[in-house]
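First the structure, in the form of structure tokens, and then the observations on it.
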Amino acid sequence: MLFIELLVPMGVFDEHERRRLAGRLSGRRLLSAADGQQAADPGVIDLLDSLTQVVVREEEIWMAGGRPPAPAHGPRYVVNVIAGMWGREMSEHLIARITAELAEAEGNPEPRAVVHVISLPEGSYGLNGQAQRSADVLQLIELAKTGPVAPVPDGMVIDPVCGATVPSADAVTLKHDGQTYGFCCTHCRGHYAKQLGEAEAS
């Protein structure tokens, strides 16, 4: 679901280092919680990791502030992330995780990284020759769910659509038949509400 393009200046990293950087930007690593714990359902992480593509490109010409960057100032990175229909919801998390991975790889707490998270309009993401809408991707996510690997901690809820573990205070909620459900985002909430409506109609 993620397409990650990492741009680096020509000659700064050898092939082995570029491969290591690509490995740090896998869907599995980026979609984990900031503390390295898995906040999402393991099956969903497997699915999203399988749909993540990472490319590292060396750019021959690189200008910053109107001139080539000085090698003494360390590496520079530009990261373009196409995040499907959830770019807006995922941007803060992805920017923080990508920057943290580059910082750890470089051994520098403040790497010179610019991260762009790009959201796609509904229906502009395709799999197997078919345009996918958020409902289609959420259906794939539901099928991939395997269930939580540990009990839900106090103050947290599990999103019934994607299996993400979300702080109760941050959850997007839905009340239905006297029960309150918590979700990681409005997409999951809307998908679940639609399913509830269809179940009542049948």
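The values are calculated or read from the model by the stated rules, or taken from the named source; none is laboratory data. Quick caveat: nothing in here was measured; it's all calculated off a predicted structure. Here the Cβ is made from the backbone with ideal geometry for all residues, glycine too, and neighbour counts use every protein chain on show.
Listed by first and then second residue, the pairs with beta-carbon distance under 6 Å, at least 6 apart or on different chains, first residue in the stretch 104-122 and over 14 Å from SER91 (Cβ atoms), second charged (D, E, K, R), are ALA105/ARG24; ARG112/ARG76; GLU122/ARG133. The lone criterion from (1) within 30 Å of CYS188 (Cβ to Cβ); (2) in contact (Cβ under 8 Å) with a residue 60 or more places away in the chain; (3) among the charged types (D, E, K, R) left unmet by ARG20 is number (1).
Pairs are defined by a Cβ separation below 9 Å, a sequence spacing of at least 6 or placement on different chains, a first member in the stretch 57-71 that is touching a residue at least 60 places away in the same chain (Cβ under 8 Å), and a second member that is part of a strand (DSSP E or B); the pairs so defined are PRO69/PRO9; PRO69/ARG76; PRO69/ARG112.
Would you mind stating whether ALA105 is more than 18 Å from LEU120 (Cβ to Cβ) and among the small types (Gly, Ala, Ser)? Spelling it out, ALA105 is indeed more than 18 Å from LEU120 (Cβ to Cβ) and among the small types (Gly, Ala, Ser). The residues on offer are ARG20, ARG29, ARG88, and the sole one that is surrounded by 14 or more Cβ atoms within 10 Å (Cβ to Cβ), among the charged types (D, E, K, R) and assigned to a helix (DSSP H, G or I) is ARG29. Inside the stretch 148-187, can you point out the residues that are hydroxyl-bearing (Ser, Thr, Tyr) and either modelled with pLDDT of 90 or more or assigned to a strand (DSSP E or B) (or both)? Across the stretch 148-187, the qualifying residues are THR165, SER168, THR173, THR180, TYR181.
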